[in-house]
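The structure appears below as structure tokens.
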Amino acid sequence: MSQIRRLLPSLNTLVAFESAVRCGTFAKAARELGVTSPAVSRTIGRLEGHLRTPLFHRTPTGVVLTKDGSDLFAGVSRSFSEIERTVAELVDRRRSRQRPIVLSVSAAFATHWFMPRLSRFQARFPGQEIEFQLINGPLEGPLDGVDIAMRFNGGGDTETIVHPLMQEILLPVCAERYNGARSKADALLPAAARMISLSGSQFQWADLFAASKHGEPANEILLTDYSLVVQASLMGQGMAVGWFNVISSLLATGALVPAQSTVIATGRRCDLVMPRRAPSNVLPAVCEWMSAEYRDDLAAIRYRHPTLASEIGALAGWSTPM
């Protein structure tokens, strides 16, 4: 590269030469380059004069590459293809940094899991913006316009890439200040028990956990949005069914505590799903970051509730020590 300015009259002569050969005629090359045919001819003539060798045989019917011309075109074509590939990668990289990543997740996940660690995300992915496609009902639906979607059992599709996150895990939780939620025997106290449930969910208190030690009916509050269920529990209004993929950080910080030692794996798997056509190279790194954050949460839970953390780790499918 240090000698190329001496070896060539200008890099533009190579551009004109490559275009003329690839397009087949000087006229087509001129249209591609936005100049006139005589201008292309003069530019290539300058190149030939500088190299002191003809690159084309001029004939009444057109021009044909000489042997030297063929050799030069082979080298220029390879070099231009490599430059084009590298520049395209740089452009894609810049676009991926500037374009927001669209996450399709529940409103509860965005509120109670992602937002508290937004600063950590920004530190890990500087300048990367996030947009949320919020789902208030079941985690399902197409991935139209979505980069990463949290879905249960999201595999089985040739159009998607699945990053398995964990098994779906449920446990009863409440605020530490919710007095009387537990007895010394770790059983729910019927007089104090107030259950906060998600209306319409297939997972309800009656099916998952004993309402009380003696079977008395529980005082139940039904809410239509899981963000509200978690918030009501945080405010000390009662005990809620906790989805670990939403409340892991709240357990890690002690904002919520287990109301019973019961932990249930539903048999479904919580996945992060990406469309195969997703252009950004950062998406797999974001999925790995989310997995690592869950493991960090479990490590913090282990400090507060070692037995619970061990059970959650085993049920989640995380076989490595935390």
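The values are calculated or read from the model by the stated rules, or taken from the named source; none is laboratory data. The structure displayed is predicted, hence computed values, not measured ones. Every residue, glycine as well, gets a Cβ built from its backbone with ideal geometry; the counts of neighbours run over all protein chains shown. Side chains are part of the model used for accessible areas, which takes the heavy atoms of the whole protein and leaves out ligands, DNA and RNA. Shrake-Rupley method; radii C 1.70, N 1.55, O 1.52, S 1.80 Å.
Summary of computed values
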| quantity | calculated |
| --- | --- |
| Sequence of Val15, Val241 when ordered by accessible area, the most exposed leading, probe 1.4 angstrom | Val15, Val241 |
| Distance (nanometres) between label positions extended 7 Å along Cα→Cβ at Glu82 and Leu134 | 5.1 nm |
| Per-pair calculated FRET efficiency, R0 = 35 Å: Glu89 and Val64 via Cβ, rounded to 0.05 | 0.50 |
| Size of region 265-313 as Cα extents on the principal axes (Å, biggest first) | 42, 23, 8 |
| Glu140 accessible area, 1.4 Å probe, all protein chains in place, Å² to nearest 10 | 120 Å² |
| Fully extended contour minus Cα-Cα distance, from Asp225 to Arg124, at 0.36 nm per residue | 33.3 nm |
| Accessible-area order (highest first, 1.4 angstrom probe) of the listed residues His57, His112 | His57, His112 |
| Cα pair distances in region 1-60, grouped into 10 Å bins until the bin that holds the longest one, percent each | 24, 53, 21, 2 |
| Residues Arg99 and Arg46, FRET efficiency given R0 of 45 Å [Cβ-Cβ distance, rounded to 0.05] | 0.60 |
| Accessible area in the full protein assembly, largest first, 1.4 Å probe, for Ile44, Ile161 | Ile161, Ile44 |
| Burial order of peptide ranges 45-52, 265-272 (average beta-carbon count within 10 Å, highest first) | 265-272, 45-52 |
| Computed FRET value (nearest 0.05) for Arg276 with Trp318, which takes r as the C-beta separation and R₀ as 30 Å | 0.70 |
| Two-decimal Rg/Rh across region 1-131, once Rg and the Kirkwood Rh are taken from alpha-carbon atoms | 1.32 |
